[in-house]
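A short reminder: the numbers here are calculations on the coordinates, not readings from a lab. Bear in mind that the values here come from a model prediction, so they are computed numbers and not experimental data. Note: ideal-geometry Cβ built from the backbone for every residue, glycine included; neighbour counts use all protein chains shown.
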Amino acid sequence: MPNKLLRVYWDSSIFIEYFVADPNSAHYHAARRILDSARKGLLRICTSVISQTEVAWIGRGRNAVYDDQLIDQMWNDAAILPVGVDPQLAKDARALKQWAHQLELAE
């Protein structure tokens, strides 16, 4: 995949929406469309490696389409770019969140 490819970030909540697979959720359908686009090479989905742990128990006792094989396939999918977290990246992410919050307040 080219380096200049559009990248979108998925937090664990998006993966949870995807695996819970509630057909009445607009987020589920949006997640499927974005994942389909990423698999076609139109964009790349970035996520923290922490998401792998946060999503680990989703679907237990629910009507989710989750199983260990499916989640392992997701983390190994070329459309997904897991990003390691170090202190500087966490600090940069916090600053980005604060910046976005300031934009919301200004609207």
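Quick rundown of the values:
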| quantity | calculated |
| --- | --- |
| Simple spin-label estimate for I50 and S13 in nanometres, 7 Å along Cα-Cβ | 1.4 |
| Ranked packing of 74-84, 23-33, most packed first, by mean Cβ within 10 Å | 74-84, 23-33 |
| Computed label-point distance, nm, for sites E107 and A78 using a 7 Å Cα→Cβ extension | 3.6 |
| Per-peptide average of other Cβ atoms within 10 Å, ordering 36-49, 86-99, 8-21 highest first | 8-21, 36-49, 86-99 |
| Whole-number percent relative contact order across the chain, with pairs defined as alpha carbons under 8 Å at least 6 apart | 29 |
| Principal axis dimensions, largest first and in whole angstrom, of the chain by Cα | 39, 33, 27 |
| Straight-distance crosslink candidates among lysines, where the alpha carbon sits under 17 Å from K4 and sequence neighbours closer than 8 are dropped | K40 |
| Check: the chain dipole with +1 on Lys, Arg Cβ and -1 on Asp, Glu Cβ, in debye | 320 |
| Under 15 Å, Cβ to Cβ, from R32 - net charge with Lys/Arg +1 and Asp/Glu -1 | -1 |
